[in-house]
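Structure, as structure tokens:
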Amino acid sequence: MGSALAKALVNGRHATTVWNRTQSRIDSAVSIGAVGAKDIIEAVNASDVLLVCMSNYTATRSVLDTAEIRCHLAGKTLVQMGTGTPNEAKENESWMKDLGGFYLDVTIDPFPEGIGEPESRFFISGSKSAYKISQPFLKLFGGDLRYLGENVGAANTLDLSELIYSIGQHIAFAHAARICEAEGVRLDQFASLFEENDKARDLADMVYADNYQVGAIHPGASVKTWEGCIKLVQDHANLRGINSEIPDFYSGLFNRAIDSGYGEEDVASIVKVLRENEKSA
């Protein structure tokens, strides 16, 4: 994802400095005109707006919340891009304010292939002034920017809500596929019930082809990636004291997939978990 974001910035003719804990991962961005920072300090000092896209909020804090870096963050606008919990967003905002900086939380809806497309959607929340400063960069990532106001947890609130809804759809598809397989009805006939761009059609294509490699047939994400999202929903439920039976059930199913060796496969491979240990008719 980071490479796709950097490419959009370079193509938008913005001076772009990139850094990664694994230096080889910035090669593609450097090859098209980005400047490769030799260390995190050089990257932080290159701009007043810091766009951060890491695996999670803990990873972000691990590289920025050090004595070496904190003294460079005053006056900076930190834009955290990715999926976390509302509480993590609030903690990040408070931390940046204490350092004399500004904070914006941005969740990413599209896969990397969709960065820059008019329909690509981003939920954004936090400081209004930070949003105004960052907007020229963010609009290069997609045409559907949804600023939700200064409640910094709002972006992740909607993102987690949509994620758990989407996961439910994927699991429901897997069971629907087993119904069709059990009764000898072709999956393309089931897929035809949905609109052309509906995710069910993509899932049906993968199951029919028996090809679950991420991105081989349609853009997607791995079982492990989705399980990480479910973990965030569980964390939120535990923190807020709301019922967690649904994400707990989903997590059990996804962890069974990981234990079966499907962790790096597309989420469509959940259907294979349902095929295992089924009762004989």
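Since every read-out is calculated from the coordinates, none of them should be taken as a lab result. Nothing here was measured: the structure is a model prediction, and the numbers come from that model. Using ideal geometry, Cβ is built from the backbone for each residue, glycine included, and neighbour counts are taken over all protein chains shown.
When the chain is fully extended, how far beyond the present Cα-Cα distance does residue 117 get from residue 248, taking 0.36 nm per residue of separation? Walk me through the numbers before you get to the answer.
Working: separation 131, 0.36 × 131 = 47.16 nm, distance 3.44 nm.
Gain on stretching residue 117 to residue 248: 43.7 nm.
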Relative contact order for region 218-281 using alpha-carbon pairs under 8 Å, separation at least 6, rounded to a whole percent?
44 percent
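Would you mind getting me the FRET efficiency between residue 94 and residue 27? Use the beta-carbon distance for r and R0 = 35 Å, nearest 0.05.
FRET efficiency, residue 94 to residue 27: 0.45.
Taking each full run of DSSP H in the chain as one helix, which ones are at least 20 Å long along their axis (Cα atoms) and have mean Kyte-Doolittle hydropathy of at least 1.0?
Values: long enough: 154-183 (44 Å, 0.38); 223-240 (26 Å, -0.37); 245-259 (21 Å, -0.16).
Going by DSSP H runs, there are no hits.
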Two pseudo-spin positions, 7 Å from Cα along C-beta at residue 194 and at residue 239, lie apart in nanometres by 3.1 nm
If you restrict to DSSP beta bridges whose two residues both lie in the chain, what percentage is antiparallel, to the nearest 5?
30 percent
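Please report the equivalent ellipsoid semi-axes of region 197-242, computed as sqrt(5 x eigenvalue) of the Cα gyration tensor, largest first, in whole Å.
Semi-axes from the Cα gyration tensor: 29, 11, 8 Å.
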Space enclosed by the convex hull of the alpha-carbon atoms of region 157-275, per residue, Å³:
103 Å³
Net lengthening on full extension, residue 41/residue 55 (0.36 nm per residue, minus Cα-Cα)
3.1 nm
So which aspartates and glutamates can residue 97 reach, going by Cα to Cα under 20 Å and dropping same-chain residues fewer than 8 places off?
48, 65, 68, 88, 105, 150
State the dimensionless ratio Rg/Rh of region 2-150 (Rg: radius of gyration of Cα atoms; Rh: Kirkwood radius).
0.93
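Would you mind counting up the charge near residue 215? Only other residues with Cβ under 9 Å from its Cβ, with Lys and Arg at +1 and Asp and Glu at -1. Before the final figure, lay out the partial values.
Values: positive: none; negative: 113, 266.
With Lys, Arg at +1 and Asp, Glu at -1, the net is -2.
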GluC sites (Glu not before Pro) within region 175-281, DSSP loop, no more than 10 other Cβ atoms inside 10 Å
195, 196, 276, 278
Flagged links, alpha-carbon separation over 24 Å, of 139/224; 38/76; 38/139; 90/231; 7/224
139/224; 38/139; 7/224
Let me check I have the definition right: for the chain, take the eigenvalues of the Cα gyration tensor, multiply each by 5, take square roots. What are those semi-axes in whole Å, largest first?
37, 21, 17
Förster-model FRET efficiency, 41 Å R0, residue 128 and residue 210, C-beta, rounded to 0.05
0.25
Relative contact order in percent for the chain (Cα pairs under 8 Å, 6+ apart) equals 13 percent
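Using the Cα centre of the chain as the reference point, and only Cβ charges (+1 on K/R, -1 on D/E), how large is the resulting charge dipole? Debye, rounded to the nearest 20. Spell out each step's value before the answer.
Numbers: 26 positive and 38 negative charges, 158 e Å.
The dipole magnitude comes to about 760 debye.
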The relative contact order of region 58-180, taking Cα pairs under 8 Å that sit 6 or more residues apart, comes to a percentage of 24 percent
Just to be sure I understand: with springs between alpha-carbon atoms less than 10 Å apart, which residue in 149, 241, 228 has the highest mean-square fluctuation in the Gaussian network model of the chain?
241
What is the sum of charges, Lys and Arg at +1 and Asp and Glu at -1, for the other residues whose Cβ falls under 14 Å from the Cβ of residue 192?
-4
Per DSSP H run of n ≥ 4, the term is -39500 (n - 2.57); total these for the chain, divide by its residue number, and report the mean residue ellipticity at 222 nm rounded to 500 deg cm²/dmol.
-15500 deg cm²/dmol
